[in-house]
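A quick write-up on the structure given underneath.
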Amino acid sequence: MNDALGEPQSVLVLGGSSEIALATVNALPRRRLRRIVLAARPSAARDLAVTTLTAEGISGVTAVDFDARSTESHSVFINEIFDAGDIDIVLLAFGVLGDQEAAEADPALAVEIATTNYTGAVSIGLHVARRLRMQGHGSLVVYSSVAGDRARRSNFIYGSTKAGLDAFAQGLGDALHGTGAHVLVVRPGMVRTKMSAGMPEAPMTTDANVVADIVVKSLRRGKETVYAPGPLRFVMAGLKSMPRSVFRKLPR
Ligand SMILES: NC(=O)c1ccc[n+]([C@@H]2O[C@H](COP(=O)([O-])OP(=O)(O)OC[C@H]3O[C@@H](n4cnc5c(N)ncnc54)[C@H](OP(=O)(O)O)[C@@H]3O)[C@@H](O)[C@H]2O)c1
């Protein structure tokens, strides 16, 4: 449970090798952190994160196998983690960008993106919410995207999964209101991580540590929705009200 100063003691990262999520863990106050669970598919990045955080003096850092698409295993998975002790912060960070062109040509690839980003998130998000409600405290941070604010021609498959995820997370926050548990929806613009590597940079592209600082500040203030960086809120408001005939012609 958060201590008297509101500092978290335990964190669960769903998508435990995500660069934005790991930057968020790094930005959290360290004084009371004693349990970090990195839930991810096995990878060198996940192992390195465990080694690095442990070397930095956090005692209870563990990795557990987790696949967002294996929804049938989510109930047991979440129960095991919460039965071992309360979780103060859950970062729901897994996601795939996918290849828009390939996915348009092969619907099975589009379904794969939707299954990870939306269906998997709905499944694990509801299991997390059930346990946060039982605890009566804790925050779920959901990494949405500005891509979900208005789906663009160039990445509407990814964008539509983030639109669905965002709507789901907003509703979940409303459902948990008054229970002591809380949902923070984060809408980053383009962030320099392995997900965006090699892509031309969009205006206001930022770094994972900038997003992380915004998340930590927003958690402290009990915010429910935040753009990263903040001014993207105004850019997206403009884009959302742009006539479709103009929006369609925007550069990819
Ligand atoms: N980078 C950006 O420009 C940007 C912008 C807006 C929003 N976001 C969102 O922010 C979140 C974090 O992204 P990031 O930038 O930190 O990218 P990242 O480093 O690529 O992290 C995404 C993580 O999702 C994991 N993942 C993918 N499929 C999974 C599955 N089936 N089960 C479990 N884990 C799975 C990946 O793990 P594996 O190692 O197993 O593949 C990867 O570590 C994502 O939801 C992303 O959509 C990113």
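The values are calculated or read from the model by the stated rules, or taken from the named source; none is laboratory data. Quick caveat, the model's predicted, so the values are computed rather than measured. Neighbour counts are summed over all protein chains in view; Cβ atoms, including those assigned to glycine, are modelled from backbone coordinates with ideal geometry.
Things worth noting here:
- Checking each residue in the range 117-139 for being touching a helix residue (DSSP H, G or I) at 6+ places or on another chain (Cβ under 7 Å) and outside any helix (DSSP H, G or I) picks out G138, S139.
- G164 falls short on exactly one of the conditions (1) part of a helix (DSSP H, G or I); (2) within 16 Å of the ligand (Cβ to nearest atom); (3) over 19 Å from V96 (Cβ atoms); (4) among the small types (G, A, S), and that condition is (3).
- Total residues in the range 29-58, condition part of a loop (DSSP other than H, G, I, E, B) and away from the ligand (no atom under 11 Å from the Cβ): 9
- Candidates N26, N79 - the one that is within 16 Å of A212 (Cα to Cα), not in a loop (DSSP other than H, G, I, E, B) and not hydrophobic (A, V, I, L, M, F, W, C): N26
- Exactly one residue among A44, A39, A23 is surrounded by fewer than 22 Cβ atoms within 10 Å (Cβ to Cβ) and either hydroxyl-bearing (S, T, Y) or touching a residue at least 24 places away in the same chain (Cβ under 8 Å) (or both), and that residue is A23.
- Qualifying residue in the range 140-159 (condition: within 25 Å of A45 (Cβ to Cβ), more than 11 Å from the ligand (Cβ to nearest atom) and not in a helix (DSSP H, G or I)): yes
- Output for the range 140-171, where each listed residue is among the small types (G, A, S) and in contact (Cβ under 8 Å) with a residue 40 or more places away in the chain: S144, S145, S154, S160, G164, A169
- Count of the range 59-89 residues which are in contact (Cβ under 8 Å) with a residue 60 or more places away in the chain and either buried (at least 24 other Cβ atoms within 10 Å of the Cβ) or within 14 Å of the ligand (Cβ to nearest atom) (or both): 3
- Condition check for R187 on (1) at pLDDT below 95; (2) part of a strand (DSSP E or B): one failure, at (1).
- Flag if T225 is at pLDDT 95 or above and within 12 Å of the ligand (Cβ to nearest atom): no
- Matching residues in the range 187-210 - criterion: being touching a strand residue (DSSP E or B) at 6+ places or on another chain (Cβ under 8 Å) and near the ligand (Cβ under 8 Å from one of its atoms): R187, P188, G189, M190, V191, R192, T205, A208
- In the range 90-100 there is at least one residue that is closer than 19 Å to V191 by Cβ, of a type in the set (F, W, Y) and within 15 Å of the ligand (Cβ to nearest atom).
- Applying the set (1) within 19 Å of the chain's Cα centre (by Cα); (2) exposed (fewer than 15 other Cβ atoms within 10 Å of the Cβ) to G136 leaves exactly one unmet item: (1).
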